Amino acid sequence: NAGVTQTPKFRVLKTGQSMTLLCAQDMNHEYMYWYRQDPGMGLRLIHYSVGEGTTAKGEVPDGYNVSRLKKQNFLLGLESAAPSQTSVYFCASSSTVLASGGRTYEQYFGPGTRLTVT
Amino acid sequence: GENVEQHPSTLSVQEGDSAVIKCTYSDSASNYFPWYKQELGKGPQLIIDIRSNVGEKKDQRIAVTLNKTAKHFSLHITETQPEDSAVYFCAASRAGGGGADGLTFGKGTHLIIQP
């Protein structure tokens, strides 16, 4: 049981190049998320998915696209990378858990992808 | 949308003392408040969470309190240990029903435990 994995771990792009970040989870979770983390900014939600074939915009979606063709995978694409997209990208997945006090939605995070755009 | 403010940004305490981190949120519809711990080079990991129908929750040395009226919640760590040194994030969500929206995070608190 690997949990949430992300590929690649590091990447350097030139401005205007494109790339896809892959997130995979083996916990059969319905929900998956992409966040970016910048110094002093915390984590900000880019896009998320509540099920296979569905996606929705988060707080900072501009410049990114996503796809969820399989339940276990969530892809984040940058069509034309910009220096402002230099960041650490985290994928997360969750499922509803019935616990005392009601349902919780614990999100499990991957190890992150460090992307630099020059 | 939701806005979560977190204070302080850095907190240094002596080993064995208590640490308190505070957060406020803006959306009265938020009903789920988790706390995450992030160690260097790793993804955040959930340490405790609380729902809006509960005022306090405790798990060994960690406790969280929630004041819905004032829209603030706090993390309390007692008897701090060196391994508690990390960055802590609070978050809020309107998760409920059949779906789960993403989390809105605070900007984080760097907790330093002095030996």
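Each value in this text was obtained by applying a stated rule to the coordinates, not by laboratory testing. These figures come from a predicted structure and were not determined experimentally. Methodologically, a virtual Cβ is constructed for each residue, glycine included, from the backbone with ideal geometry; neighbour enumeration extends over all protein chains shown.
Residue pairs exceeding 19 angstrom between C-alpha atoms, taken from B:22/B:42; B:22/B:107; A:14/A:57; A:14/B:107: B:22/B:42; A:14/A:57; A:14/B:107. Shape annotation for the protein assembly as shown: C-alpha extents along the principal axes are 49, 40, 35 Å, from largest to smallest.
Counts of other chain beta carbons within 10 angstrom of each beta carbon in peptide B:101-114 average 5. If you bin all the Cα-Cα distances of segment B:33-99 at 10 Å, starting from zero, the percentages per bin are 19, 50, 27, 5. Each residue, residue B:72 and residue B:3, gets one label point 7 Å from its Cα in the Cβ direction; the gap between the two is 1.6 nm. The aspartates and glutamates within cross-link reach of residue B:58, meaning a Cα-to-Cα straight distance under 15 Å and a gap of 8 or more places when in the same chain, are B:49, B:79. Of all the options A:79, A:59, A:30, the one that moves most in a Gaussian network model of chain A with Cα springs shorter than 10 angstrom is A:59.
Taking the Cα centre of chain B as reference, the dipole from Cβ charges on Lys and Arg (+1) and Asp and Glu (-1) amounts to some 320 debye. Can you give the net charge of the other residues whose Cβ lies under 12 Å from the Cβ of residue A:34, counting K and R as +1 and D and E as -1? The answer is +3.
When 1/r is averaged over all different Cα pairs and the result inverted, which Kirkwood radius in Å belongs to chain A? One decimal place: 14.5 Å for the Kirkwood radius. For segment A:35-49, 3J(HN,Hα) computed residue by residue from phi via the Karplus equation (6.51, -1.76, 1.60; θ = phi - 60°) reads 10, 10, 10, 10, x, x, 10, x, 9, 10, 6, 8, 9, 8, 9 Hz, glycine and proline entered as x.
For chain B, dividing the convex hull volume of the Cα atoms by the residue count gives 101 Å³ per residue. Take every pair of alpha-carbon atoms less than 8 Å apart whose residues are at least six positions apart; their mean separation over the length of segment B:13-115 yields a relative contact order of 34 percent.
Peptides B:73-84, B:2-13, ordered by how many other C-beta atoms sit within 10 Å of their residues on average, highest first, read B:73-84, B:2-13.
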